[in-house]
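Undergrad: Can you keep this structure in mind? I'll have questions shortly.
The values are calculated or read from the model by the stated rules, or taken from the named source; none is laboratory data. Here the structure is a predicted model, which is why all the values come from computation and not from measurement. Note that we place each Cβ from the backbone using ideal geometry, even for glycine, and neighbour counts take in every protein chain shown.
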Amino acid sequence: MSAPISNVRPRPDKVLTLIAEGMSNAQIAERLSISEKTVRNHVSNLFDKLGVWTRAQAIVFAMERGFNH
């Protein structure tokens, strides 16, 4: 069962936005001035919270729920 999009916190929220823009983990890390490992952790946590397995599924999940940050 997937969580509502409102359960996503601010930093992972931004990570999801950048994933939707097509950025890689390295690009996201550079943009947010955090380590690539931290980005991987955020992505993994997002997938768990949203109940998805891939970046594409996360983007679709967000779009279907009107996520636009």
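Undergrad: Please work out if residue 40 is basic (Lys, Arg) and more than 11 Å from the chain's Cα centre (by Cα).
TA: no
Undergrad: Next question, about the same structure. Would you confirm, using the coordinates I've provided, whether residue 6 is at pLDDT 95 or above and exposed (fewer than 14 other Cβ atoms within 10 Å of the Cβ)?
TA: So residue 6 does not fit the description; no.
Undergrad: Continuing with this model, one more query. Applying the selection to the stretch 18-45, what residues are within 13 Å of residue 59 (Cβ to Cβ) and surrounded by 14 or more Cβ atoms within 10 Å (Cβ to Cβ)?
TA: Result: 18, 19, 20, 23, 43.
Undergrad: Let me ask something else. Suppose we filter 60, 15 for residues that are part of a helix (DSSP H, G or I) and either surrounded by 15 or more Cβ atoms within 10 Å (Cβ to Cβ) or not aliphatic (A, V, I, L, M) (or both); which single one remains?
TA: Answer to the selection: 15.
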